[in-house]
1. Could you tell me which of rounded, prolate or oblate describes region 127-274, using a ≥ b ≥ c as the square roots of the eigenvalues of the alpha-carbon gyration tensor, with rounded for a/c under 1.5 and, failing that, prolate when a/b is larger than b/c and oblate otherwise?
2. Rounded to the nearest 0.05, what FRET efficiency do residue 256 and residue 130 give with R0 = 35 Å and r taken as the Cβ-Cβ distance? Could you check?
3. What FRET efficiency would be calculated for the residue pair residue 74, residue 43, taking the C-beta separation as r and a Förster radius of 51 Å, to the nearest 0.05?
4. Modelling each spin label as a point 7 Å along the Cα-to-Cβ direction, I'd like the residue 152/residue 92 distance in nm, to one decimal.
5. So between residue 104 and residue 26, what do we pick up on full extension, going 0.36 nm a residue minus the alpha carbon distance?
């Protein structure tokens, strides 16, 4: 049975269409596809930038709104502590103060996470500081926050270190808090100014599970032991890493049953002046 005329006409038209598409037309089609892909990619970038700005603005507004009531709580506690109160009530006020301080640190960590996710990283303001004296001062404050726990300090060498004082105390505070949450007994902080500047925090106790070591400094990675603080969202060690990087340094961890767990932040000697 002979095919219909329309079939032959269609084949003839397709042949003519293919014949008309020469090398120049094929190049134009490829160019058109590339332009479409570029427009799509640019739109995706614009959407991502809008989302990043929204997240940053949301975190800024939220943190501002949360800091005001927390500041009011802290001020009210300070006023109450001036009164002649029973010991039990003073202890409760101390718990309120520590809870407000933890909430403020969490807000700061969330803001740092937002900055990191938007590609800006942790901001630092570098000044010359005595690293041994600075760590000693930070440790004294931490002893007040964690009464009843033993925090010891070992110093090797002396030197002026270009660092952000508040950020370095934040780094130390996060490492010490982590050691107290997951470790046992005494926590030892060691500072060393020799070939490089080193700050380490050591504790005994159950070692970190090997499968967690490679991801321990990523955000939202929580504790390695059942004693870990249930309220933690897993930003402390991530912030430690970002602070170290902002100072052109790095942080590493070693953990075993025999040696315990040690977090070490290392900074290049070029950032320090020994004396």
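1. Working: a/c = 1.70, a/b = 1.45, b/c = 1.17.
Because a/c hits 1.5 or more and a/b exceeds b/c, region 127-274 counts as prolate.
2. Details: r = 33 Å, r/R0 = 0.94.
E between residue 256 and residue 130, to the nearest 0.05, is 0.60.
3. 0.65
4. The answer from the label model is 3.8 nm.
5. Taking 0.36 nm per residue and subtracting the Cα distance, the gain is 22.0 nm.
Only the coordinates and a few stated rules stand behind these numbers; no lab work does. These figures come from a predicted structure and were not determined experimentally. Cβ atoms come from the backbone with ideal geometry, glycine included; neighbour counts cover every protein chain shown.
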